[in-house]
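Undergrad: So that we are looking at the same thing, I have put the structure below in structure tokens.
Every read-out reported here was derived from the displayed coordinates using simple, explicitly stated rules and does not represent laboratory data. Model, not experiment: these values are computed from the prediction. Counting neighbours? That spans all protein chains shown, and the Cβs are built from the backbone with ideal geometry, glycine included.
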Amino acid sequence: MASILDLAKYHEDLAELFFRHQTALLDGKVPAARAALQAYRKALARHILDEEEFLMPVYQAKARITPGGDVRLFKGDHVNLLKSVDEYEARMEGLDASKPDWQRKLLALLDEETRHKHILDHHDQRERSLFFPALDQALDEGARAELLSRCTLRAAGL
């Protein structure tokens with residue numbers, strides 16, 4: 001049986017991409033960390049587009065929206081997540097593992113990235129507990145399968 005909750009798998013894929021970015025930073029491989037962050041941002045933007053283009057209109061039209069599940073909250077998270085990744089990419093411009101201030105700058109960036117991970121975790125929990133289940137309840141099997149296929153086709157690039 002198709003479940004919209006299956007899309008949470010992409011959240012795990014996104015977390016893995018971000019992990020690759022952070023481990024490359026820890027290894028002092030700034031170009032690899034930058035490339036991983038860019039790949040993460042691209043995949044995150046694609047997933048957000050799926051949610052906002054395909055899922056949210058159906059959610060607003062057919063689902064029972066409970067407290068904490070307002071679309072504006074999810075979209076606000078999306079804006080904050082993308083904005084923070086752009087900020088991290090800009091901050092990486094000054095990173096150089098051969099410079100004496102490398103460790104200080106690295107720790108400052110990792111501290112900032114912790115905020116991103118907290119937003120992402122909270123967002124994921126709300127989607128898993130409110131957004132995805134509400135869509136599952138509002139749609140029949142055929143509609144769920146069709147909606148999932150639209151998202152899966154685009155997400156194949158993760």
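Undergrad: To make sure I understand the rule: partners must be lysines, Cα under 20 Å from the Cα of Lys75, and not fewer than 8 residues away in the same chain. Which ones qualify?
TA: Of all the lysines, those that pass the test against Lys75 - Cα under 20 Å, at least 8 places apart if same chain - are Lys9, Lys42, Lys62, Lys83, Lys117.
Undergrad: Along each of the three principal axes of the Cα atoms of the range 81-149, give the extent in whole Å, ordering the values from largest to smallest.
TA: Taking max minus min along each principal axis of the Cα atoms, the range 81-149 gives 59, 21, 16 Å.
Undergrad: How big is the gap, in Å, between the Cα center of the range 29-53 and the Cα center of the range 63-80?
TA: Comparing the Cα centres of the range 29-53 and the range 63-80, I get a distance of 21 Å.
Undergrad: A further question follows. Working from Cα positions, state the angle (0 to 90°, nearest 10) between the long axis of helix 102-126 and the longest principal axis of the chain.
TA: 10
Undergrad: When the chain is fully extended, how far beyond the present Cα-Cα distance does Phe19 get from Leu73, taking 0.36 nm per residue of separation? Please list the in-between numbers first.
TA: On the way: separation 54, 0.36 × 54 = 19.44 nm, distance 2.52 nm.
Roughly 16.9 nm would be gained on extension.
Undergrad: Separate question: Using the per-residue mean of other Cβ atoms lying within 10 Å as a proxy for protection, in what order, highest first, do the peptides 16-25, 70-79 fall? If you can, show how the numbers build up before the last one.
TA: Numbers: 16-25: 18.0, 70-79: 14.5.
Ranked by mean Cβ neighbours within 10 Å, highest first: 16-25, 70-79.
Undergrad: Which entry in [x] 19.5; [y] 17.7; [z] 16.7 matches Kirkwood radius over Cα pairs in Å derived from the coordinates of this structure?
TA: Correct label, based on the coordinates given: [z].
Undergrad: Per residue Cα convex hull volume for the range 17-64, in cubic angstrom? Present the calculation step by step, with values, prior to reporting the outcome.
TA: On the way: hull volume 2.7 nm³, N = 48.
Taking only Cα atoms, the range 17-64 has a hull volume of 56 Å³ per residue.
Undergrad: Another question, if that's okay. Local charge sum around Arg104 (other residues, Cβ-Cβ under 14 Å, Lys/Arg +1, Asp/Glu -1)? If you can, show how the numbers build up before the last one.
TA: Values: positive: Arg91, Lys99, Lys105; negative: Asp96, Asp101, Asp111, Glu112.
Result for the local shell: -1.
Undergrad: Report, in degrees rounded to the nearest 10, the 0 to 90 angle that the Cα long axis of helix 8-26 makes with the longest principal axis of the chain.
TA: The answer is roughly 0 degrees.
Undergrad: Also, quick follow-up: Helix 141-155 sits at what angle to the longest principal axis of the chain, using alpha carbons and giving 0 to 90 degrees rounded to 10?
TA: 20
Undergrad: Taking Cα pairs under 8 Å and at least six residues apart, what relative contact order does the range 1-136 come out at, in percent?
TA: Numbers: 93 pairs, mean separation 49.1, N = 136.
Reported relative contact order: 36 percent.
Undergrad: Give the calculated FRET efficiency between Ala97 and Ala45 to the nearest 0.05, with a Förster radius of 30 Å applied to their Cβ-Cβ distance. The partial results should precede the final answer.
TA: Working: r = 28 Å, r/R0 = 0.93.
After rounding, the FRET efficiency stands at 0.60.
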